[in-house]
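The structure under discussion appears below in the form of structure tokens.
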Amino acid sequence: MNITTISYLRHQKQRQQKFASITAYDATFASLFEQHGISVMLVGDSLGMTIQGHDSTLPVTLDDMIYHTRCVRRGATKSLLLADLPFMCYATLSQAYESAAALMRAGANIVKLEGGFWITKTVRGLTERAVPVCCHLGLTPQSVNIFGGYKIQGRDKDSADKLLADAIALELAGAQMLVLECVPVTLAERVTRALSIPVIGIGAGVMTDGQILVMHDVLGITGNRAPSFARNFLVDCEDIPAAIRLYVQEVEAGEFPATQHSFY
């Protein structure tokens, strides 16, 4: 496996070749994922729920993210590694710069932050300082208290148009990638076609350039809490490596997510 870079993923987008990504939180799973076809991993603040047992991502600290980023980097040396900037760790420009630098020193290749047009100044500042940025639109978990829960975003024309405008503004500010979470398939397709940067979907349908799922959902170990857009790939396989290979295969073939994993 060659080292995965942002420019390589841009090339994949141009060739219309889809890619699979997954969350990772430790060296063992990161190594396994890399060995079986995952070239993009996210150290997500979802660890607050999957690892720490909280009911949201809000309690996750920058120190938590640094620790898990270091662990994953040791296990996956060739994959492109994204790391989340956690809640209120980029409220000011100086805070964003310091937080992002800490994650990059821990092994991240790119930092991810949630928000629309209002974070364009932060995105531009980070990019000018050699920190690649992945932005996150749609259902942004750090805003759960604003949204009043985990709800589908962009279903009406005004909110869909605003999300598309935000995505374009973020790319113009220097964003290198975009994650779209829990939006209708038609909106995800509009955004993906409008941007030259890779768009990764989660609960956004099959038309995005790549897909990402929380590893616990891929392996069916979230019990009754698995979201409707996820799929347990392990149930059809004899072991974890086979489940990961099946996930990669179905994403690359455009077979996952299927209709039942998408919103309209």
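The values are calculated or read from the model by the stated rules, or taken from the named source; none is laboratory data. Just so it is clear, the model here is predicted, and its values are computed rather than measured. Cβ sites come from the backbone with ideal geometry, for glycine too, and all protein chains shown count toward neighbours.
Tabulated results
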read-out: Of residues in the stretch 139-157 being crowded, with 21+ Cβ neighbours inside 10 Å and under 12 Å from the mean Cα position of the chain (by Cα), the one modelled with the highest pLDDT; value: Leu139
read-out: The stretch 16-41 residues that are surrounded by fewer than 23 Cβ atoms within 10 Å (Cβ to Cβ), paired with ones that are part of a loop (DSSP other than H, G, I, E, B) and modelled with pLDDT under 95 (beta carbon under 7 Å, 6 or more apart); value: Glu34/Met1
read-out: Residue in the stretch 194-215 that is within 28 Å of Thr259 (Cβ to Cβ), free of Cβ contacts under 8 Å to residues at least 12 places away in the same chain and either of a type outside the set (Val, Ile, Thr) or surrounded by fewer than 24 Cβ atoms within 10 Å (Cβ to Cβ) (or both) present; value: no
read-out: Qualifying positions in the stretch 98-132 - small (Gly, Ala, Ser), within 18 Å of Ser143 (Cα to Cα) and in contact with a Ser or Thr (Cβ under 8 Å, 6 or more places away or on another chain); value: Gly115
read-out: Options Glu181, Glu189; residue that is buried (at least 19 other Cβ atoms within 10 Å of the Cβ) and of a type in the set (D, E, K, R); value: Glu181
read-out: Index of the failed condition, Lys121 passing every other in (1) loosely packed, with under 14 Cβ neighbours inside 10 Å; (2) under 18 Å from Asp84 (Cβ atoms); (3) touching a residue at least 40 places away in the same chain (Cβ under 8 Å); (4) of a type in the set (D, E, K, R); value: (2)
read-out: Filtered residue count, the stretch 249-264, keeping only those that are surrounded by fewer than 16 Cβ atoms within 10 Å (Cβ to Cβ), over 18 Å from Ser39 (Cα atoms) and not hydroxyl-bearing (Ser, Thr, Tyr); value: 3
read-out: Residue that is surrounded by the fewest Cβ atoms within 10 Å (Cβ to Cβ), among those in the stretch 226-248 that are free of Cβ contacts under 8 Å to residues at least 12 places away in the same chain and outside any loop (DSSP other than H, G, I, E, B); value: Asp236
read-out: Residue list for the stretch 121-146, restricted to those being over 17 Å from Val199 (Cα atoms), in contact with a helix residue (DSSP H, G or I) (Cβ under 6 Å, 6 or more places away or on another chain) and not small (Gly, Ala, Ser); value: Thr122, Arg124, Leu126, Val131
read-out: The stretch 78-103 - residue that is of a type in the set (S, T, N, Q) and in contact (Cβ under 8 Å) with a residue 24 or more places away in the chain and, of those, farthest from Ile38 (Cα to Cα); value: Ser99
read-out: Tally, over the stretch 228-244, of residues that are farther than 13 Å from Phe256 by Cβ and in contact with a His (Cβ under 9 Å, 6 or more places away or on another chain); value: 4
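The rows are residues; the columns are (1) in contact with a strand residue (DSSP E or B) (Cβ under 6 Å, 6 or more places away or on another chain); (2) farther than 23 Å from Thr57 by Cβ; (3) of a type in the set (Val, Ile, Thr).
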position	(1), (2), (3)
Val179	yes, no, yes
Val185	no, yes, yes
Glu189	no, yes, no
Arg225	no, no, no
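For every residue, the table says whether it meets (1) touching a Gly at 6+ places or on another chain (Cβ under 9 Å); (2) surrounded by fewer than 22 Cβ atoms within 10 Å (Cβ to Cβ); (3) within 21 Å of Gln12 (Cβ to Cβ).
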site	(1), (2), (3)
Gly44	no, no, no
Gly53	no, yes, no
Ser56	yes, yes, no
Asp64	yes, yes, no
Leu80	no, no, yes
